[in-house]
Amino acid sequence: NAGVTQTPKFQVLKTGQSMTLQCAQDMNHEYMSWYRQDPGMGLRLIHYSVGAGITDQGEVPNGYNVSRSTTEDFPLRLLSAAPSQTSVYFCASITSFTGQGARTEAFFGQGTRLTVV
Amino acid sequence: GNSVTQMEGPVTLSEEAFLTINCTYTATGYPSLFWYVQYPGEGLQLLLKATKADDKGSNKGFEATYRKETTSFHLEKGSVQVSDSAVYFCALRSSASKIIFGSGTRLSIRP
């Protein structure tokens, strides 16, 4: 059981280039999210998905696209990289159950450290 | 909207000292509350959680109690170790699909 797998772990892009960050989970979770982590700002939600074919914007969606064609995969696309997108990106897979006493947890990938020059 | 506020770091303590990291939240209803820990170069790991008022989450000597009346979920440990050095994040599950994080508190423990 691999949990959440993110690739690549490191990437350097030139301004204007595009790329896709991959995220896959094998826990059959409906909910998946992408966050970026910047110093002093914690984790900010970029996009999230509540199931295959359904995505929505989070707190900082500009410059990023997502799609969810399968339950397992949730790739994040940078359309035209900018230096402001230099960050560490985390994918999370979240259990479907909520409510008092229910099992509720988010599982994170190891992160992708992206530098845009 | 929903939000999480935690004490700013860095926090530096000596080994075996008592630790408190404050966390307060703003949310409607009864969100689930979490503490996550991030060790250097790694992703976030769930440390503990509480899903209803007055619940106490505990793990690895860390504890936090869900206080609805003060909207708080402070993290405590009676005797910290060097291996506890990490960044700690308070978080809440604001809806079925969203988890909101605080800004993180870096903890450093001196031998």
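The values are calculated or read from the model by the stated rules, or taken from the named source; none is laboratory data. Because the structure is a prediction, the values reported are computed rather than measured. A quick note on method: Cβ atoms are made from the backbone with ideal geometry, for glycine too, and the neighbour counts reach across all protein chains shown. Each accessible area value is taken on the protein alone, full model and side chains, heavy atoms only, with ligands, DNA and RNA left out. Shrake-Rupley method; radii C 1.70, N 1.55, O 1.52, S 1.80 Å.
Listing for the model above:
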item: For A:R113, solvent-accessible area (1.4 Å; no DNA, RNA or ligand), Å²; result: 130
item: Two-site FRET efficiency, A:M41 against B:A96, from Cβ-Cβ distance with R₀ of 35 Å, rounded to 0.05; result: 0.90
item: In sequence order, calculated HN-Hα J values of the range A:21-26 (Karplus, 6.51, -1.76, 1.60; Hz; x Gly/Pro); result: 8, 9, 9, 9, 10, 10
item: Accessible surface of B:W35 - all protein chains present, 1.4 Å probe, nearest 10 Å²; result: 0
item: Residue-count net charge about A:T112 - beta-carbon cut-off 12 Å; Lys, Arg +1, Asp, Glu -1; result: +3
item: The protein assembly as shown - share of DSSP beta bridges that are antiparallel (%, nearest 5); result: 90
item: Label-to-label distance, nm, for residues given as A:R113 and B:E16 (7 Å Cα→Cβ offset); result: 3.5
item: Lysine pair count for the protein assembly as shown [Cα-Cα under 14 Å; pairs on different chains or 8 or more apart]; result: 5
item: Mean separation of Cα contacts under 8 Å, 6 or more apart, over the residue count of chain A: relative contact order %; result: 34
item: Additional length obtainable on full extension of the chain from B:K52 to B:T70, 0.36 nm per residue less Cα span; result: 5.1 nm
item: Counting DSSP beta bridges with both ends in chain A, the antiparallel % (nearest 5); result: 90
